[in-house]
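Take a look at the structure set out below.
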């Protein structure tokens, strides 16, 4: 893996690998959705942005591309993976459109499709696909962000009238941040506590009209506007309150729980909590979409910053024998290239996740097979972990790209401000990232069992220790290959080159297992401490628990990268990807070298060598930086950065020549810097 | 230092210490500038924001508060430190107003005052103070962000007409990102290469009319608009190009370089580079202001997030014996409290910096003393380092606060989006942070000599090794106290409690020295490597060089914190500050534990103990979190966060009671999370 890289690599070969299984969907989006109408727009007022994005959403519906995820019998294409990929492709362009489309077809349409039954499908799916029926997904409440199971809106069945009574008991129970609510929504899927026969049955969902054909709120429905936001100006987020709104019995989306005319409740899933999570589990697509979309936006930012850094000078270089541009500086490389490598890693991990999701979905919903519970839980865990990892990566990297472009990066005309602002909330919606990592950790700690579902569960952690091994060793796609690489690592770690893939895989795995075992040990110790506040049993090790999830996600991502390389036929592209994978693996380890040293996974000497190796990799990859962003295959029209205009690039080049002619001495460390404006 | 903390601490006692030497300026701002007119406004169009901020700037001028930094003879108060403090106070409110004020009175006014001579003062200072003459500071060029010494605009003297010819030779040489340019500016201080007698004399500045009384651009002046930006919508940044604009000989701001009618050039400072840096050095105030303002904005964000986290619930806690709010979670504490401790540390460091700046300024400009070159260089270095540290802290922390407030943090009505967007460019303007750290490092490497001013200098690093010791040991304010604390540390580091202040100081110092010596060793080795590209001599160790600067800044900040505690009379406040200082010191070391382990400054066992101690400190400080933000003394009117309204806080509290009454079992690790909207 330390062979010399080819001088040039054809980016088309990289793109083929990245495009993967849904290459046709990506190709179609590049060809059909890169016209001027789909380019992001900046400087609009909230009203202008909303109007434009609503119009675009309708136009998108008219192209028929939004039907990918819906059943064939209603005009869809039954391609769950394709639908998520299509959303991800939209995220290269206007992110408000992406979110609006995600709300309409992913969340709203997806809930009707997956929580509803034939009568709901017959009545609504076609209008949902055509956007003739704009809808909302009303789950989150002002007072309940993450704790959805405890939401406060109630929906009480009255057998006398055979209707439900939907009610918002107090202000904190209003639905909040709801997309499509403030302006366009005609119906909403509303989540509330079902009460029938005087008994609570847990959270269910209803289809609720919220506006009539003329846009007037329905009786009993109060609609508020969340107003201006940091970004996503084109999405009309709002608030919904219900004052004893009457709903017909058929309004209940009753796939997982039914209410008979007399109020009798039935469900295939007896346990309330399990039923709730099964319902939520069907909606995993949204979380997968958000992670993929965050990564798409990140790639656009990297494309802009890497290209700009490849022409932009900062200081005159000593001597005149070469032209120094931003990308030549080690610290600039440190900012951009590990992030670029991580973006490659996530592209492969996301591809694998989408494939799993698609296959599970198809088995159950198209072929009518039984749900593979373990596979479903693992999918949900990975969707959660990769959503958190990709969205934090987006926030960090787009910010880095903004700074890497200096003052130009702050101007709206160069796209980065909007990318930054629009994606900011991705770390929060579809699950706060910290909560999601906790979910991942819970899965690891319990071996996907429900042992921690109750308070006492946290006290009984001891017994799960023996489940750890099998859970951790559950591997990703290329498990055979990975096992071979790991097994090939010679005995003494210290003698193995840092760029040995088997060693890297082994350390990622050991780190995960070590961290997980440590978390279990601490939980067990706490649980056996007399008088420890039950909350503190968990809370005092929360940092450790989240680390467990983080190390798990890191390993999944590395393994997906390895599998992706294995699928790469072109030897040059493959060689380049090997080096990019080295950079991902080693910069990830470098960032955690404190822990690795603490726990004897690195010696001090090897830890220093790690930093030197990362620096050497940066030097190797630097000539390929533009090739690597070319490999993302982002049409120019989606970038919308004035600094990437040909004329500007030409000026930068001219100005370089101009400078080269009059350089005198070294100002590479000049003290001068410009003022605040 | 590990004594139990008092149950309650009076925040007024904390505020007194933080308010420090310019307490009167802070008090005045809180009382007079916290009316509704000064509150930040969101959701405006660019034009609305510009109009409002221009109006406010004029109103601010009318209050007379902007005269602080100007000479008494022109109606000013000759209080340089007060003027910087006043700008910092503005940064709690509308950041566009802060920047606009900084441009008008700090940069534009400051340049006329400090680079000009009596005739310029007589003619312009009064109109500048009154804002009757809005002006620009036109240094940065599109093609020259950081390398100001190489800027391309020329100003050529013609003895026949006794005029200058100001010219923009090509597009990349246009002035860019210039505040006050797009809309309001009537004059600009323009930096250009002076040419007289056919010889280049380096960068100088001229006072140039750019618009007439009716707002029409002057002949030969082309004015562009930078358009919408990520934030700071109220600041009219623009572009200026000059097509052979004629200027009278008197337009040259000639304090440091004069052109006689016949074109003869004279200057007290013979060396062109030295002259350039002397001129820039007089403008250090701007950089000091930006760092302080970034910290003010960060404190507002922390105030919002800490207060919200103190009432906001996430999940139902196990058991009913206590109400769990966000601030109770360890990971939430990990997000907010070290950042809060760092904000305290920076407040003390900034106070010390402003004091130094004030005293040096007063000595030279009021008492006419000779410039103390070493003190001036050190001031510039600290201003650069603290600007970089405080602005990066702002970017990171405001983002963390946004995420800590979840979906509410994304709504403009809760202030955080605007704080985030407005301060984003602070890491870039007044010097790109990376370039500034390089400047700091250069100072350390050369012991403030100019040895690295030329290419060869980088090859001659060997000789500076012996300068290191004295440079590093140059200490901040409380040097006697710090020396005593360090000397009191017993021999074997491993036995010293982690919360021993002397040990912390010793490690910060050792880390700085060790890093600096390593950088020198590497530079020396590179320089003696035959055939190494001169650029690579420096570039291959750039990461190490920047680390040197970072560790230096960390030490300065810690020492300032120690000095600040020493000035705290109230024993309870003092005890609390000791714990906050522990958290600053130990979380800083924890973040760098990889390096500390690599280099033997920590054993693995002690490194683990470090993490445990930080966690213990979080638990100790958690009950004081709100007290600590109260200590910032930010008037409610400046916060402008709907989630801090009394009604909202009351609802959160009510809703808590409501929940407490119906809790069932532990959902602390519930899997449910809300969807993307």
- Query: Residues in region A:384-401 that are closer than 25 Å to residue B:141 by Cα and either facing chain B (nearest Cβ under 7 Å) or without any contact (Cβ under 8 Å) to a residue 40 or more places away in the chain (or both): how many?
  - Reply: 1
- Item | Given (1) surrounded by fewer than 19 Cβ atoms within 10 Å (Cβ to Cβ); (2) within 14 Å of chain B (Cβ to nearest Cβ); (3) part of a helix (DSSP H, G or I), index of the condition residue A:104 fails | (1)
- Query: Any chance region A:205-212 includes a residue that's within 14 Å of chain B (Cβ to nearest Cβ) and free of Cβ contacts under 8 Å to residues at least 60 places away in the same chain?
  - Reply: no
- Message: Condition check: surrounded by fewer than 20 Cβ atoms within 10 Å (Cβ to Cβ) and out of contact with any strand residue (DSSP E or B) (no Cβ under 7 Å at 6 or more places or on another chain). Does residue A:367 satisfy that?
- Response: yes
- Message: One residue is enough: does region A:588-597 have a residue meeting the conditions within 30 Å of residue B:231 (Cβ to Cβ) and at pLDDT 95 or above?
- Response: yes
- Would it be correct to say that residue B:217 is under 24 Å from residue B:118 (Cα atoms), more than 14 Å from every other protein chain (Cβ to nearest Cβ) and at pLDDT 95 or above? no
- If we scan region A:157-170, do we find a residue that is within 32 Å of the chain's Cα centre (by Cα) and assigned to a strand (DSSP E or B)? no
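Would you confirm, using the coordinates I've provided, whether residue A:207 is closer than 18 Å to residue A:109 by Cα and in a strand (DSSP E or B)? Can you show your working first?
Details: closer than 18 Å to residue A:109 by Cα: yes; in a strand (DSSP E or B): yes.
Yes; evaluated as a whole, the condition is true for this residue.
Please tell me if residue B:378 is in contact (Cβ under 8 Å) with a residue 40 or more places away in the chain, touching a helix residue (DSSP H, G or I) at 6+ places or on another chain (Cβ under 9 Å), at the interface with chain A (Cβ under 8 Å from one of its Cβ atoms) and at negative phi.
On the way: in contact (Cβ under 8 Å) with a residue 40 or more places away in the chain: yes; touching a helix residue (DSSP H, G or I) at 6+ places or on another chain (Cβ under 9 Å): yes; at the interface with chain A (Cβ under 8 Å from one of its Cβ atoms): no; at negative phi: yes.
No: the conditions fail for residue B:378.
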- Message: Tell me yes or no: at least one residue of region A:171-194 is in a loop (DSSP other than H, G, I, E, B), at positive phi and either within 14 Å of chain B (Cβ to nearest Cβ) or crowded, with 23+ Cβ neighbours inside 10 Å (or both).
- Response: yes
- Query: Within region B:214-329, which strands (runs of 3 or more DSSP E) (wholly inside it) include 1 or more residues that are surrounded by fewer than 18 Cβ atoms within 10 Å (Cβ to Cβ)?
  - Reply: B:221-225, B:245-248
- Note on the structure: Selection from region A:606-621 of residues more than 9 Å from chain B (Cβ to nearest Cβ) and touching a residue at least 12 places away in the same chain (Cβ under 8 Å) yields A:606, A:609, A:610, A:613, A:614, A:617, A:618, A:620, A:621
- Item | Residue list for region B:597-609, filter: farther than 16 Å from residue B:496 by Cα and crowded, with 19+ Cβ neighbours inside 10 Å | B:597, B:598
- Message: Which of the numbered conditions does residue B:110 fail, given that it passes all the others? Conditions: (1) assigned to a helix (DSSP H, G or I); (2) touching a residue at least 12 places away in the same chain (Cβ under 8 Å); (3) away from every other protein chain (no Cβ under 12 Å).
- Response: (3)
- Looking at residue A:624, is it more than 27 Å from the chain's Cα centre (by Cα), touching a residue at least 40 places away in the same chain (Cβ under 8 Å) and either crowded, with 20+ Cβ neighbours inside 10 Å or within 23 Å of residue A:512 (Cα to Cα) (or both)? no
- Within region A:407-432, work out how many residues are assigned to a loop (DSSP other than H, G, I, E, B), more than 8 Å from chain B (Cβ to nearest Cβ) and within 20 Å of the chain's Cα centre (by Cα). 0
- Message: For region A:656-676, check the following and say yes or no: at least one residue is at pLDDT below 90, facing chain B (nearest Cβ under 7 Å), in contact with a strand residue (DSSP E or B) (Cβ under 6 Å, 6 or more places away or on another chain) and crowded, with 18+ Cβ neighbours inside 10 Å.
- Response: yes
- Task: Tell me which of these residue B:152 doesn't satisfy, since it passes every other one: (1) touching a helix residue (DSSP H, G or I) at 6+ places or on another chain (Cβ under 7 Å); (2) buried (at least 24 other Cβ atoms within 10 Å of the Cβ); (3) within 14 Å of chain A (Cβ to nearest Cβ).
- Result: (2)
- Message: Quick check on region B:503-523: of everything there that is surrounded by fewer than 18 Cβ atoms within 10 Å (Cβ to Cβ) and in contact with a helix residue (DSSP H, G or I) (Cβ under 7 Å, 6 or more places away or on another chain), which residue is farthest from residue B:566 (Cα to Cα)?
- Response: B:522
- Entirely in region A:519-605, the helices (runs of 4 or more DSSP H) that have 3 or more residues that are closer than 19 Å to residue A:440 by Cα and either within 14 Å of chain B (Cβ to nearest Cβ) or under 25 Å from the mean Cα position of the chain (by Cα) (or both): A:534-539, A:542-566
- Query: What are the residues in region B:70-101 that are buried (at least 24 other Cβ atoms within 10 Å of the Cβ) and assigned to a loop (DSSP other than H, G, I, E, B), if any?
  - Reply: B:70, B:91, B:92, B:93, B:94
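Each row is one residue, and each column tells you yes or no for (1) farther than 23 Å from residue B:284 by Cα; (2) touching a residue at least 60 places away in the same chain (Cβ under 8 Å).
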site: B:137; (1), (2): no, no
site: B:141; (1), (2): no, no
site: B:155; (1), (2): yes, yes
site: B:165; (1), (2): yes, yes
site: B:172; (1), (2): yes, no
site: B:175; (1), (2): no, yes
- Among (1) modelled with pLDDT under 95; (2) facing chain A (nearest Cβ under 8 Å); (3) in a helix (DSSP H, G or I); (4) surrounded by 22 or more Cβ atoms within 10 Å (Cβ to Cβ), the one test that residue B:638 misses: (2)
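The values are calculated or read from the model by the stated rules, or taken from the named source; none is laboratory data. Keep in mind the model is a prediction, meaning the values are calculated, not measured. Note: ideal-geometry Cβ built from the backbone for every residue, glycine included; neighbour counts use all protein chains shown.
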